[in-house]
Amino acid sequence: KKVHIGEPLMSEYVKHFLERKEKEARGNTVHSYKGYAETHILPALGAVPVREIKRQHIQSFYNSLLNRGLSPGSIRKIGVVVAGALHMAVLDDVIQANVAKSGDIELPKATKYRSKAYTEEQMATLIHAVQEDGEPIRCAVILASMYGLRRSEVCGLRWMDIDLEKGEMYIRNTVTQNGGSIFRDNGTKTEKSRRILTLSPATIPYLIQLREEQERRGLELDKVCRWPDGKEVQPNYITQKFRRLLKKHGMEHIRFHDLRGTAASLLAPHATPKQLQEFMGHSKISTTMEIYVKAHADDRKQVAARMESILGNALSCSEKCSE
């Protein structure tokens, strides 16, 4: 499909790009792209003919966004839409090169959040705290900390995804939120995120009790994590409630997503990297190693002690011989 309307404007190709993305990307992603386009891209570049857009226009646009306080992460996402729109113009032979993909364009480096992880003792305190607060935050915390589920996976988990007889949980459905918009997806963040987890024996009695309670209330057995009256739990509520819960109980602040990192951190010393990757549903094992698996002081001491037992005597002998 080619766009031939006089002198094509940037707005036309932004629209063209978004239409294509609607067929390829998840609803939450497309919603974000549309928001960036309407709020930032179209007001600044929409009325500019595509042929007239130069590298300096793009660079100046990104610099202005940074000066206005937009985060580097948001600017890089805006860059995806800008580059995508110009790529469509290249395919239509309207322009010869995509200046937004040029090596001369400087995008601000995204700041990486340094995740925190609770210790076993802190997790025991947290589990006690959520038992007092009850549903739905109790269910959300248990699923995130025991099984490493993302917030979207917690909200998307259905009773049909849990086989209590086999002792298995199937992660294959998600619910995401962007502002006031809720997106229900019969899929996961990536193909690797679609995974099977073995139920922990400690959580089975809780899940049975939770299901029986929902049945007693006459609720349709749909979502696992829900309000006692059956209302759907929105992802943003979990984030806000979790923050308030930690403050109420005087606990160190972490993000709800850090419970997923906590699960990986506590499991790492007892699993192989491949097992941990499968458990977390990471597409790349490098993500598992880089983000979650961190060497603790005790681990480093054990490694040093092991090397001492292997080569210590030889080194000691070598030093004495050299004297």
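The values are calculated or read from the model by the stated rules, or taken from the named source; none is laboratory data. These numbers were taken from a predicted model, which means no experiment stands behind them. For neighbour counting, all protein chains shown are included, and Cβ atoms are generated from backbone atoms with ideal geometry for every residue, glycine included. Only protein heavy atoms, including side chains, enter the accessible area calculation; ligands, DNA and RNA are left aside. Shrake-Rupley method; radii C 1.70, N 1.55, O 1.52, S 1.80 Å.
Of R184, R211, all but one fail to be part of a helix (DSSP H, G or I), basic (K, R) and either modelled with pLDDT of 95 or more or within 19 Å of I238 (Cα to Cα) (or both); the exception is R211.
When the residues of the range 269-287 are filtered to those that are in contact with a Ser or Thr (Cβ under 9 Å, 6 or more places away or on another chain) and of a type in the set (A, V, I, L, M), the one that is farthest from K192 (Cα to Cα) is L276.
Condition check ((1) in contact (Cβ under 8 Å) with a residue 40 or more places away in the chain; (2) not in a strand (DSSP E or B)) across all residues:
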residue	(1), (2)
A129	yes, yes
R138	no, yes
V141	yes, yes
V154	yes, yes
K192	yes, yes
I196	no, no
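Checked against the criterion of being under 25 Å from Q96 (Cβ atoms) and either small (G, A, S) or under 23 Å from the mean Cα position of the chain (by Cα) (or both), the candidates K34, K21 yield just one match: K21. Considering the range 109-121, and only residues there that are within 15 Å of A264 (Cα to Cα) and touching a residue at least 40 places away in the same chain (Cβ under 8 Å), the residue that is most open to solvent (accessible area, probe 1.4 Å) turns out to be E120.
Checking the stated criteria, L219 turns out to be free of Cβ contacts under 8 Å to residues at least 40 places away in the same chain, farther than 19 Å from S152 by Cα and open to solvent by less than 40 Å² (accessible area, probe 1.4 Å).
Hey, can you tell me all the residues within the range 13-24 that are open to solvent by 30 Å² or more (accessible area, probe 1.4 Å) and touching a helix residue (DSSP H, G or I) at 6+ places or on another chain (Cβ under 8 Å)?
Matches in the range 13-24: R20, K21, E22.
Within the range 189-207, being open to solvent by less than 70 Å² (accessible area, probe 1.4 Å) and either of a type in the set (F, W, Y) or at pLDDT 90 or above (or both) holds for R195, L197, L199, S200, T203, I204, Y206, L207.
Based on this model, can you work out whether L86 counts as in contact (Cβ under 8 Å) with a residue 60 or more places away in the chain and more than 27 Å from T176 (Cβ to Cβ)? When the stated conditions are applied, L86 passes them. The helices (runs of 4 or more DSSP H) found entirely in the range 1-53 that carry 2 or more residues being closer than 19 Å to V90 by Cβ and modelled with pLDDT under 95 are 10-24.
Selection within the range 69-108: residues that are of a type in the set (D, E) and touching a Lys or Arg at 6+ places or on another chain (Cβ under 7 Å). The member of this set that is surrounded by the fewest Cβ atoms within 10 Å (Cβ to Cβ) is D104.
Which count do you get for residues in the range 236-265 that are part of a helix (DSSP H, G or I), more than 18 Å from R150 (Cα to Cα) and open to solvent by 60 Å² or more (accessible area, probe 1.4 Å)?
Restricting attention to the range 236-265, the residues satisfying the condition of being part of a helix (DSSP H, G or I) are 236-248, 258-265.
Then drop every residue that is not more than 18 Å from R150 (Cα to Cα), which leaves 244-248.
Subsequent filtering for residues that are open to solvent by 60 Å² or more (accessible area, probe 1.4 Å) retains 244, 247-248.
Within the range 236-265, residues that are part of a helix (DSSP H, G or I), more than 18 Å from R150 (Cα to Cα) and open to solvent by 60 Å² or more (accessible area, probe 1.4 Å) number 3.
Of everything in the range 44-66, what is of a type outside the set (A, V, I, L, M), open to solvent by 30 Å² or more (accessible area, probe 1.4 Å) and under 20 Å from L107 (Cβ atoms)? Give them in sequence order. It would help to see each step written out before you state the result.
Filtering the range 44-66 for residues of a type outside the set (A, V, I, L, M) gives 46, 49, 51-52, 54-57, 59-64.
Adding the requirement that they be open to solvent by 30 Å² or more (accessible area, probe 1.4 Å) leaves 51-52, 54-57, 60, 63-64.
Residues satisfying the conditions are K54, R55, Q56, H57, S60, N63, S64.
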